[in-house]
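Notes follow the structure.
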Amino acid sequence: MAIIITDECIHCGACEPECPNHAIYENGTEWSYADGTQLTAIEMEDGSQIDATTTFAPITGGTFGADGNEYFYIVPTKCTECTGFHEEPACALVCPTDACVPDPDYVEEKEELLQKKIWLHAE
Ligand code: SF4
Ligand code: SF4
């Protein structure tokens, strides 16, 4: 399960540097798979490949009022719940408003999260 940032976010920025996967971005900023990872190319759902440095617009329309244009946001495909790095989600531990919560739209088993961590960091 990925973590999602709700509309309780007060833009303090405490969570962003804590993420081992660089999955957290400030509202309004673009994201890429290459940020903070070893990824060089990504295979898309349609089978095409893109360079991992390709940038994408903030993620919007999540549950709990999540909106990457208004609040810090998490890229679910880069979030591993900190598997392989920490016992608990680091962002949730530092957030002063409890805005980092489990995302019901991205439920994953521990083994899947571990495989995602290996995919991101090649180890
Ligand atoms: S749970 Fe961990 S990996 Fe996911 S966004 Fe928070 S700090 Fe990053
Ligand atoms: S720590 Fe919490 S309040 Fe601060 S930027 Fe992150 S989600 Fe927002």
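Just so it is clear, none of the values below were taken in a lab; they were calculated from the coordinates. Bear in mind that the values here come from a model prediction, so they are computed numbers and not experimental data. Heads up, the Cβs are rebuilt from the backbone with ideal geometry, glycines too, and the neighbour counts pull from every protein chain shown.
Quick notes on this structure:
- Under-5 Å amide H pairs with Ile3, H placed in peptide plane, nonlocal only: Glu81, Asp103
- Sorted largest first, the spans of the alpha carbon positions of the chain along the three principal axes are 38, 30, 24 Å.
- The chain, helix-only ellipticity at 222 nm - DSSP H runs n ≥ 4, -39,500 (n - 2.57), divided by all residues, nearest 500: -4000 deg cm²/dmol
- Axis of helix 110-121 versus longest Cα principal axis of the chain: the two differ by about 70°, to the nearest ten degrees.
- Considering every alpha-carbon pair of the stretch 27-79, the percent of pairs per 5 Å bin, from zero through the bin containing the longest distance, is 5, 19, 25, 23, 16, 10, 2.
- Placing +1 on the Cβ of every Lys and Arg and -1 on the Cβ of every Asp and Glu, with nothing else charged, gives the chain a dipole about its Cα centre of roughly 240 debye.
- Sequence-separation-based contact order of the chain, relative, with Cα cut under 8 Å and 6+ spacing, percent: 39 percent
- Here the extension length gained between His121 and Thr55 equals 21.9 nm, from 0.36 nm per residue of separation less the Cα-Cα distance.
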